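The values are calculated or read from the model by the stated rules, or taken from the named source; none is laboratory data. Nothing here was measured: the structure is a model prediction, and the numbers come from that model. Cβ: placed from backbone, ideal geometry, glycine included. Neighbour counts: every protein chain shown. When the accessible area is computed, the model is the full protein with side chains, heavy atoms only, and any ligands, DNA or RNA have been set aside. Shrake-Rupley method; radii C 1.70, N 1.55, O 1.52, S 1.80 Å.
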Amino acid sequence: MAGSTEKQLIQQALEQGGGIVRLMPNWVPRSFCVPGRRLRLHPKDLYALGGERGGIDERWFSSTTAADNGPGTPWDEGLSYIYVGEGSKVTLRDAMDDSAVDFLGQEAVDKYGGWVMYSKFFDNMYPLPHHLHQSDEKAAEVGKNGKPEAYFYPAQYNFALDTFPYTFFGFEPGTTKEQVIDCLKRWNEGDNGILGLSKAYRLMVDTGWYVPPGLLHAPGTMCTYEPQRASDVFSMWQSLIADYQIIDRSMLVKDVPEDKAYDYDYLISLLDWDQNLDPNFKDNHFMAPKPAGDVETMKAEGYNDEWIVYRSEWFSAKRLTVAPGRTVTVKDPVGYGLICVQGYGTIGQHAISAPSMIRFGEMTEDEFFVTQKAASEGVQFTNRSSSEPLVILRHFNPGHPGLA
């Protein structure tokens with residue numbers, strides 16, 4: 001809980017920003033990943049946390065969730081900090097614990113318990129292993145929450161597609177549980193062959209996918225904007241990635257009760273079998289942007305607002321594009337976090353800009369949290385460029401009325 005100093009900083013940040021607070025860059029390493037070098041982090045800082053911790057290939061947004069990175073992980077890794085002034089900061093988690101109503105409004109606090117999502121950029125040079133995120137029921141057995149997530153591939157962060165811009169999802173229809181169990185039992189034989197049961201989809205910029213709990217997926221190598229439920233739970237099911245990286249079996253059972261580590265019927269129960277064998281998978285999981293307002297009205301006013309994540313009950317996201325030289329006031333009935341991916345200008349009382357390069361530990365002007373009161377009254381965005389659009393991704397808690 002926030003102490004007296006933290007409480008003062010929280011109120012100071014809210015007052016000086018008119019209900020809009022700046023967030024500090026929040027870098028997260030993964031020991032099993034290789035940075036894709038598209039996060040705009042300086043090349044000399046990709047291993048700023050030490051080679052033993054792994055390269056930095058994730059930046060988390062609006063996070064009140066600590067990263068589950070095993071021994072040696074600092075307590076605040078993955079937690080977003082509100083920037084109050086030079087040398088002054090407070091975690092967004094403390095702010096939500098102390099002043100959730102000020103940030104989210106009473107209705108969201110009563111209905112959802114607070115801020116229950118976060119987003120991230122995930123940027124890996126190589127594909128990830130086929131893995132899943134547990135459901136609430138299964139995650140509860142290890143004291144965690146389940147995790148649905150979604151993907152969107154912003155053009156601004158995908159100037160290079162890296163080694164494999166394809167993602168495997170689920171299994172081919174007709175796959176049997178016995179075939180999957182056989183793959184798990186062959187873990188230490190090199191490639192356990194599980195991708196041979198799956199199907200890859202070509203990834204395309206400015207589109208995305210919804211990934212519910214229990215769905216196996218092997219993400220490809222595009223830099224990904226990932227709104228998701230506030231949890232860091234997973235189970236990896238592929239023993240060898242692209243003939244070069246062995247995955248230790250401990251990653252299969254990281255979030256599995258100890259007595260179930262070799263219970264293959266239990267492991268199969270982690271799967272949402274119907275989702276994994278869905279013959280209409282793309283129809284039910286693919287997301288292309290769709291208007292979040294009247295297209296002609298938005299065009300006349302010099303902006304475009306689009307839903308880019310809209311299939312989950314746990315979170316949603318929009319992309320706002322403001323034309324060069326234009327000012328627009330955007331209203332949302334709920335609070336939200338945001339990241340600026342292109343251009344520069346102002347958001348309320350703050351300057352906003354998308355950085356071209358960031359040094360580890362430096363502050364930026366690209367990430368903010370907008371309170372429910374400020375969002376509902378309307379946030380003024382101004383594009384100060386005469387030639388370049390101002391592009392902002394906004395991530396929302398559950399229950400945005402625009403999706404009802």
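Side notes on the structure shown:
- Structure-derived percent of Cα pairs over 31 Å apart: which label, when the choices are (i) 36; (ii) 30; (iii) 44: (i)
- The Cα center of the stretch 300-361 and the Cα center of the stretch 20-39 differ in position by 19 Å.
- For Leu23, nonlocal amide neighbours, meaning residues 5 or more places apart or on other chains whose placed amide H falls under 5 Å from its own, are Tyr83, Glu367, Phe368, Phe369.
- Listed values for the stretch 197-203 are Karplus-derived 3J(HN,Hα) couplings in whole Hz (6.51 cos²θ - 1.76 cosθ + 1.60, θ = phi - 60°), namely 9, 10, 9, 9, 10, 5, 8, and x replaces Gly and Pro.
- Within the accessible area of the stretch 1-114, the carbon and sulfur atoms contribute 47%, probe 1.4 Å, all protein chains present.
- Phi to ³J(HN,Hα) by Karplus 6.51 cos²θ - 1.76 cosθ + 1.60 over the stretch 264-280, Hz, x for Gly, Pro: 6, 5, 5, 4, 4, 5, 5, 7, 8, 4, 5, 5, 5, 10, 4, x, 10
- These residues, Lys144, Lys89, go from largest to smallest accessible area, 1.4 Å probe, as Lys89, Lys144.
- Estimated FRET transfer efficiency when R0 is 35 angstrom, pair Ile181-Lys7 (beta carbons, to 0.05): 0.10
- Under 5 Å from the amide H of Gly55 lie the amide H atoms of Arg30, Cys33, each residue being 5 or more positions distant or on a separate chain, with H modelled from the backbone and absent for Pro and chain starts.
- Taking all protein chains into account, the per residue accessible area for the stretch 207-269 stands at 31 Å² (1.4 Å probe).
- Using the 1.4 Å probe convention, the accessible area of the stretch 25-145 works out to 38 Å² per residue with neighbouring protein chains retained.
- Ranking of Tyr344, Tyr201, Tyr157, Tyr262 by solvent-accessible surface, largest first: Tyr262, Tyr344, Tyr201, Tyr157 (1.4 Å probe, protein heavy atoms only, all chains present).
- Most to least accessible of Phe122, Phe360, Phe159, Phe168 (protein chains only, probe 1.4 Å): Phe159, Phe360, Phe168, Phe122
- Of the cross-linked pairs Lys199/Lys282; Lys89/Lys373; Lys120/Lys147; Lys282/Lys318, those separated by over 19 Å at the C-alpha level are Lys89/Lys373; Lys282/Lys318.
- Interchain or long-range residues, amide H under 5 Å from Thr91's placed H: Ile82
- Each residue of the stretch 282-299 was assigned a 3J(HN,Hα) from its phi angle through the Karplus expression (A = 6.51, B = -1.76, C = 1.60, θ = phi - 60°), giving 4, 4, 9, 10, 6, 9, 9, x, 9, x, 9, x, 6, 4, 5, 5, 4, 4 Hz with x at Gly and Pro.
- Mean Cα-pair separation over length for the stretch 16-102, i.e. relative contact order, pairs under 8 Å, 6 or more apart, %: 29 percent
- The stretch 52-110: relative contact order in percent, alpha carbon pairs under 8 Å with at least 6 residues between: 24 percent
- Taking the protein heavy atoms of the stretch 214-352 in the context of the full set of protein chains, the accessible area attributed to carbon and sulfur is 46 percent at 1.4 Å.
- Alpha carbon centroid spacing (whole Å) that separates the stretch 188-215 from the stretch 230-247: 11 Å
- Cβ-defined net charge surrounding Ile194, 10 Å radius [Lys, Arg +1; Asp, Glu -1]: -1
- Each Cα pair under 8 Å and six or more residues apart adds its sequence gap; the mean of these over the residue count of the chain is a relative contact order of 19 percent.
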